[in-house]
Structures are given as structure tokens and as C-alpha cells.
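The numbers here are math on the coordinates, done by the rules we state, and not lab data. Every value quoted in this text rests on a predicted model; they were computed, and no experiment measured them. Positions of Cβ are backbone-derived with ideal geometry, glycine not excepted, and every protein chain shown enters the neighbour counts.
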Amino acid sequence: MTTTPGAPGSPRPVPSTPRAPAATAPLVARTPEDVLAMVPAVLGFTPTQSVAMLTLGAARAFHARVDLPTAAQLAQEPDGLTEMVDLLRQPCVRHRVRAVLLVVFSDDEHTALAARRALVPAFRGSGMEVVDVLRADGRRWWPMLRRHPGAPPWGVPYDVSEHPFVAQTVLAGKVTHPTREDLDRSLDPGPAEVAAHARVACLVAQGPLAPRGDTPAELVEAMALRDLLLDHHVDGTLPDPEEVARLLLALRSPRLRDLTCALVERREAAAWAELWRGVLRLTPPELVVGPATVTAFCAWLAGEGALAWCALDRALAVDPDHSFAGLVGGLLTAAVPPAAWDAPGGPGRSDLVALLEEIEELEELDRRGELDDDPDAGRDHGW
């Protein structure tokens, strides 16, 4: 689901946040200022014109953000708040959340009040406790549900730039962007990458199509791509323009795209997301779907839901009906936790692992000189 003009924005349910390193203490909010510092830390950016939700009491906690309709949008589409509420409430019902804490980021008091009036009864009606509702505009916060002694009508000034959660996030190796737009721009080529971006576009225009269909050529390309990606993953490096062009052409094949996902282990998903973010920055607009969906998949698996949505929005803008993008979008919208990937029968995992095992088997046949050159040979392996 993507943002459409004049309508509430796309859902931004963020799956379970990545497990912090053992030496990093969990974030525990005890005050409104703690909550306001926690939200950017778990989302990866500071929201504006949004409703952020922190869940409590679920088997696996998750956090979410949705766009808050403006007054003008609500005048055009009165059902906008209902859609916003459902985007937040439905994943909570699915995951049996017991309580939520809501933060309305807006400088429009009337729109924020309308959001509170829609949200609180909906959650309570679904059997969930609403622990508190706050409104914040980036400079001041206001209580919207419970009494906070000492909070004046004009709001409580706050500044979380030096909050301990900020330092803790930095120590954990996470980057918090000032806004979602800044997070989205991290997928664009930087000044030092402009020449490489142009080089990739030129190479792709001149390059051959990736091997298609059930052919040994595709299998050989799969083996080469696996080695290429694993080498960069282990070394912590990014592919050069020639390698990026090769990856982009290969991603036109759904089988080769699936291979890239089969390589990803959840404990290393953040590093894979950075690798594919580097590929995406060098990708010409017409080929963005492949690397954007793989980036989104890796980001979801790393618990970086906001980054996953940024990448996915780029893919859906080019191809709204792309099947793999739809799969990743479904995982995000339903707030499916990354841990589900490790579970038996996890979403699509068995097929991808079987693909990787098949490629390794074929590589062994190739080493022994027993790989059949018949173009139809691959079909014996279910391709």
C-alpha cells in the first residue's frame, strides 16, 4: 500500500525491533520525555504529522507509525481517520496486544483531538488498554488522556537531543534520521556516488539480459552471484558499478532474486540491508524494483520497518502489482515479526532454502563435470 495524494498515508507498521547486543540495555520509558525519545530510536527517524504506537503485553512487541491526515484531507475524505485507526488496531488484534501507548505528532490541536477520539474507543472496544496518549509538535508535548500534574495548557517544553536513549542508540550502531524524508533520501546516491550511478546506467543499457528460464546458464549465473554477494557480505564492502549492473540484470529473473533472499540469515540481516541499500543507491530508476524489494526484505528481517517501507514505496511506485513487493508489504502491514522467518514453515522461507540447496547440489555436479548441458535439464529440479 502506498501513499496517495489527498488520502491518509500508507501504513508503517514496524515489526519487532532488532534485538540489541547483549551489552546494550533495553529502552525502558518511565516519563513522557522517555517516550518521546524512544519513538525516534525504534522507528529510525523523528515522525511528523503522524501517530506512533508502542505496544505492550504482546508475545512479541512491535511499534508502528501511520500518517495522520491533515485537516484538509479529512475535509475531502471523512473516513480517513477510520482507515488510520484500522491500520494500527488490526495488527494489535492479530498479535493479541494487551495495551498500547500512542503519540500524536502534530502541531494541529484539532486534528490531534479528532485522532484521539477515534483511536481510544477503537482500542478499548477491542479489549486493549490505552496506557496514555500524548501530543507533541517537536518542541512541546501535551497530555491527551491522563492527568500529568504540572503540565500547563501551553505544553511542556522538551528536547531529546541529549537524552540517554540517543546515546544508547548510537552505541548500538543505529542511525536516527531527523525526518522520514531524510531516511528516504538515504536511498539516493550521495555526492560521491553520482559518477558510479551514471556508470551503472550506461552498463545496464549495454548489457545482455540475465539468463531466463530453466537453463544451465541461469544456474551458473546463480552460483556466480551467490559467491559475489557472499564475498561482499563477509568483507563488509559494496559492489562496484560493474557488479551492480550484473546484479540488476540478474534480478530480472525471479529465481535469481529469490536466491539473494535465501542467502540472508536473520542475525546478519542488518548488514545485508546495508549492502542492498548501497546497490539501490546506484540503480537507474527503471530497474529499481528488484533491489528495492530485496532491500525492503532485508530491512524487515533486521527489524528496520521504516527503512523497509521507504524501499518498498520505491518499488511499488514503479510496479504496484509486483508480487514479491506485495509479499514484503504484507509482512510489514501485518507486523509479522522477523522471528517468524526462522520458524518452520515461515513465510516463503522453505522455498528459498530449497532453492539455495538446489544450487549447491548443482554446483557439486558442475565440479564433477556431470551438469547436463541440455537446456531443459533444470526442469528435473523443479525450476
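Okay, here's what the table says:
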{"quantity": "Rg and Dmax of region 232-320, Cα atoms only, in Å", "calculated": "11.8, 35"}
{"quantity": "Gained length - Arg139 relative to Asp159, 0.36 nm times residue gap less alpha-carbon distance", "calculated": "6.5 nm"}
{"quantity": "Contour minus Cα-Cα distance for Asp227 and Glu181 (0.36 nm per residue)", "calculated": "13.1 nm"}
{"quantity": "Label zone at Cys202 (point 7 Å along Cα-to-Cβ), backbone N below 16 Å, region 260-285", "calculated": "283-284"}
{"quantity": "Cα→Cβ-extended label distance, 7 Å offset, between Glu265 and Gln76, nm", "calculated": "4.9"}
{"quantity": "Hypothetical label at Asp342: residues of region 61-96 whose amide nitrogen lies under 18 Å (7 Å Cα-Cβ projection)", "calculated": "61-62"}
{"quantity": "Length released on extending from Glu33 to Val166, taking residue separation times 0.36 nm less the Cα-Cα span", "calculated": "46.7 nm"}
